Amino acid sequence: QVRLVESGGGLVQPGGSLRLSCVASGINFKIYTMNWYRQAPGKQRELVAAVTTGGNTNYVDSVKGRFTISRDNANRTVYLQMNSLKPEDTAVYYCNADFRRLNYWGQGTQVTVSS
């Protein structure tokens, strides 16, 4: 059974930081591109950051310079370090594993940026 379990969300003030984690089980983690998506109320889900099997990373423009995605293949974990958080970063953040036609999702973790 494939499971992606996110953690690390919560309430933070503008300018603050959070680190999201996603632990995968039931997949050969090292062959998957790992992604973080987010979905704000009333908006479409968007790809925030991705890290390939080779460690290459990509980010949506709105988070460049503030967010960092990384992976630990030995522990089957992907991270999203989020700094200088803004109210517009408020969303449910989802972990995603992608390999060819195989695609899996976590249950999501809420991030709320508010004073």
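Output the residues belonging to segment 92-115 that are touching a Ser or Thr at 6+ places or on another chain (Cβ under 6 Å) and either exposed (fewer than 12 other Cβ atoms within 10 Å of the Cβ) or hydroxyl-bearing (Ser, Thr, Tyr) (or both).
If the condition is that a residue be touching a Ser or Thr at 6+ places or on another chain (Cβ under 6 Å) and either exposed (fewer than 12 other Cβ atoms within 10 Å of the Cβ) or hydroxyl-bearing (Ser, Thr, Tyr) (or both), then Tyr93, Thr112 are the ones that fit.
Every residue in segment 4-46 that is under 14 Å from Leu102 (Cβ atoms) and part of a strand (DSSP E or B), please.
Answer for segment 4-46, where residues must be under 14 Å from Leu102 (Cβ atoms) and part of a strand (DSSP E or B): Leu4, Ala24, Thr33, Met34, Asn35.
Kindly list the number of the only condition in (1) loosely packed, with under 12 Cβ neighbours inside 10 Å; (2) without any contact (Cβ under 8 Å) to a residue 60 or more places away in the chain that fails for Leu47.
With respect to (1) loosely packed, with under 12 Cβ neighbours inside 10 Å; (2) without any contact (Cβ under 8 Å) to a residue 60 or more places away in the chain, Leu47 is out only on (1).
With the requirement that a residue be on the phi < 0 side of the Ramachandran plot and part of a loop (DSSP other than H, G, I, E, B), what does segment 47-56 give you?
Thr52, Thr53, Gly54, Asn56
How about segment 64-91: which of its residues are within 10 Å of the chain's Cα centre (by Cα) and open to solvent by 30 Å² or more (accessible area, probe 1.4 Å)?
Within segment 64-91, Thr68, Ser70, Tyr79, Gln81 qualify.
The values are calculated or read from the model by the stated rules, or taken from the named source; none is laboratory data. Predicted model only: the values in this text are computed from it and were never measured. Note: ideal-geometry Cβ built from the backbone for every residue, glycine included; neighbour counts use all protein chains shown. Keep in mind that these areas ignore ligands, DNA and RNA; they rest on the heavy atoms of the full protein, side chains included. Shrake-Rupley method; radii C 1.70, N 1.55, O 1.52, S 1.80 Å.
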